[in-house]
Amino acid sequence: MKKICTIAASLLVCLAVSAQSRNFNLGKWTEIHASILKELNRSYVDTLPLDRMEKEGINAMLSVLDPYTIYVPAEDNKDFEMMISNTYGGIGAVIFKPDVQGNVIINEPYEGSPAQRNGIVCGDQIISIDGVPAKGLTSSDASSKMRGEPGTKVVLKMLKLRTGDTVDVAVTREKIHLPDVTYSGMLNDKTGYIAVTGFSEGMAGQVRKEVVRLKKECGMSSLILDLRNNGGGLLNEAVDLVSIFVPEGSLVVSAKGRAEGSDYTCLTKYKPVDTKMPLMVMINSASASSSEIVAGSLQDMDRATIVGSRSFGKGLVQSIRPLPYGGQLKVTTAKYYTPSGRCVQAIDYATRREDGSVSHIPDSLTHTFKTASGRTVRDGGGITPDIEIKPKEYSRISFSLVRSGVVEEFVLDYVCRHESIAEVDEFVLGDEEFDRFVEFAAGKEFDYRSSARTYFDWMKDEIGKDGLSESLASELEALDKALTMEKTQMIRLKKDEIVPLIEQEIVVRYYFQKAGEKLRIRYDEELKKALELI
């Protein structure tokens, strides 16, 4: 007994010494930082740009930790709120401004938004915002002027697409919430499909309503829940989403941190809708955070079959802490663990190489855990699906056409030429229109090289650096010739993957976002495979 007491006392002493050491280091560096600032302020040759110095210093300091711990100054609070809540005050429309000296073009009004209710359509142009000419404003400037407190008005002088009239449109701003549930419907007589792109407030309640509706009105007896490309969001929404499918009081996730109060468990607190219905959850490498909590907990409880590709691997929990002068600190306070006890964090930010870079946790250092029925699952690298479905790989030129805005500009041109289109189920982009797109894109500046061509260009530079260009001249010339293609050739080569991208953007302009999701489903080969499996 005496020996046990001696060991316990020794541990307490070690903990006290460790705490004192941390406090000493904190005090030391706080004092050094303050002394440097005071000395610079006293003796530096020019006036100090204190605000910029401090912001960059704070950001550099936090970057040593992880990419999720960030400082939000008071002036960025509204943008930060929109990021975490998917909500802002405005008219509810996406704008496009390819030319700073041109008008603002309405790209996409949201369904049910103040913009739509005021008759604003894709292709309408904004000449001025509250009397301020649009010419000379950047897209960001124009967007800021159109946003504001819900209930306030903004007057837009507009050039209407269909009539050519110039009119003043007074729009009362509202709280615009971008939906997380982007599609809900039936894939066949038995299987429902719900696509969720985020975890902001109210999302789980919306999914619950849709599950009830699909069961009652459509006879749904199995469900595919799509969490692909879902980067996560609020933890409580993840817990409430799981509660739809498992018994009340089920453990969904636990968190463990260093600070007092950072350890906790999350149990479902609502009655389920259906605990027996076959359920499939789709994930991919962009499914992160709350998406992984949902997929991981349902997998651990053997409640759902997880399909797709391995998820991102974000097992860290962030909390918001208030700071002086209206700022906020989003800080990583804990790691989360699925019901089997595994943490899905894939990157070890605490252990860095000499150059400061980080690496994924190797499979050799991961551990095995057991699901409710005894199946083996692993930690340390995201959620590994029960059934792997390889994702579609888009070509480099498709990415380039979208990223450079060529597709967006063509769609606006299409809308200007077509007052209406067929219903979503019947709409297709005909060969004549695709030929027009090829001609349109050929006149635009964008990087149309293939992946092979970009690698060749890099290799050619490296060969030159090694002094081998002359000795390999004939081989390089032959390969150069083989890989050289005209812009129109490259576009036509990838017609099958470019056409769906254009079609989806077109139907959104006439029938809103849900229509775009419905058209996407038409070409979704991963979803078709999942449907066969369920």
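The values are calculated or read from the model by the stated rules, or taken from the named source; none is laboratory data. Bear in mind the structure is a predicted one, so any value in this text is a computation, not a measurement. Virtual Cβ from ideal backbone geometry, glycine too; neighbours counted across all protein chains shown. With ligands, DNA and RNA removed, areas are computed over all heavy atoms of the protein, side chains included. Shrake-Rupley method; radii C 1.70, N 1.55, O 1.52, S 1.80 Å.
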*List the trypsin sites (Lys or Arg not before Pro) within the range 367-423 that fall in a DSSP loop (any state other than H, G, I, E or B) and whose Cβ has at most 13 other Cβ atoms within 10 Å.*
375, 392
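Which trypsin sites (Lys or Arg not before Pro) from the range 240-281 combine a DSSP loop assignment with at most 13 other Cβ atoms within 10 Å? Intermediate results must be reported in sequence, preceding the final value.
Values: sites: 256, 258, 269, 276; in loops: 258, 269, 276.
Passing sites in the range 240-281 are 258, 269, 276.
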*asked:* For the pair residue 413/residue 528, report the inter-label distance in nm, with labels modelled 7 Å from Cα in the Cβ direction.
replied: 3.0 nm
*Extension gain from residue 61 to residue 431, taking 0.36 nm per residue of separation minus the Cα-Cα distance*: 127.7 nm
*Amide H neighbours of residue 370 under 5 Å, at least 5 residues apart or on other chains, H built in the peptide plane: list them.*
377
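When N is the residue count of the range 260-315, what does its C-alpha Rg come to as a fraction of 2.2 N^0.38 Å? Could you put the intermediate results ahead of the total?
Numbers: Rg = 13.0 Å, N = 56, 2.2 N^0.38 = 10.2 Å.
Taking the Cα Rg and dividing by 2.2 N^0.38 Å, one obtains 1.28.
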*How far, in nm, would the chain grow between residue 513 and residue 140 when pulled straight, counting 0.36 nm per residue and subtracting the alpha carbon separation?*
132.0 nm
*How far is helix 406-417 tilted, in degrees, relative to the longest principal axis of the Cα atoms in the chain, given as a value from 0 to 90 rounded to the nearest 10?*
40 degrees
*Across the chain, where is the longest run that never hits GluC sites (Glu not before Pro) in a DSSP loop with at most 16 other C-beta atoms within 10 Å?*
1-110
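Counting only protein heavy atoms and using a 1.4 Å probe, what share of the accessible area of the chain belongs to carbon plus sulfur, as a whole percent?
Numbers: 15950 of 29330 Å².
C and S fraction of accessible area: 54 percent.
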*Whole-Hz Karplus ³J(HN,Hα) for the range 51-68, in order, using 6.51 cos²θ - 1.76 cosθ + 1.60 and θ = phi - 60°, x for Gly and Pro?*
4, 5, 4, 5, 4, 5, x, 5, 4, 5, 4, 6, 5, 5, 8, 8, x, 9
*What is the spin-label model distance, in nm, from residue 218 to residue 420 if the labels are put 7 Å beyond Cα along the C-beta direction?*
2.6 nm
*Amide H partners (placed H, <5 Å) of residue 334, local residues excluded*: 317
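Would you please classify the overall shape of the chain from the alpha carbon gyration tensor, given that a ≥ b ≥ c denote the square roots of the eigenvalues, rounded means a/c under 1.5, and beyond that prolate means a/b larger than b/c while oblate covers the rest? Write down the numbers at each step before the final one.
On the way: a/c = 1.40, a/b = 1.26, b/c = 1.11.
Verdict is rounded for the chain.
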*the chain - share of DSSP beta bridges that are antiparallel (%, nearest 5)*: 75 percent
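Once you have the Cα-Cα distance between residue 363 and residue 256, take 0.36 nm times their residue separation minus that, and quote the gain in nm to one decimal. Intermediate values should be presented prior to the final figure.
Details: separation 107, 0.36 × 107 = 38.52 nm, distance 2.25 nm.
Working it through step by step, the gained length comes to 36.3 nm.
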*Non-local amide H neighbours of residue 192 (under 5 Å, H modeled in plane, Pro and chain starts lacking H): which ones?*
187, 221, 222, 223, 224
*asked:* Taking R0 as 22 Å, what FRET efficiency do you get between residue 447 and residue 489 from their Cβ-Cβ distance, rounded to the nearest 0.05?
replied: 0.90
*asked:* Run the helix sum for the chain: -39,500 (n - 2.57) per DSSP H stretch of 4+ residues, divided by residue count, reported at 222 nm to the nearest 500 deg cm²/dmol.
replied: -13000 deg cm²/dmol
_3J(HN,Hα) from dihedral phi, the range 143-153, Karplus parametrisation 6.51/-1.76/1.60, rounded to Hz, x for glycine, proline_ = 4, 4, 5, 7, 7, x, 5, x, x, 8, 10
_Along the Cα→Cβ direction, 7 angstrom out, place labels at residue 51 and residue 35. What is the inter-label distance in nm?_
3.0 nm
_Cross-link pairs 392/494; 269/529; 392/529 - those with Cα-Cα distance over 23 Å_ = 269/529
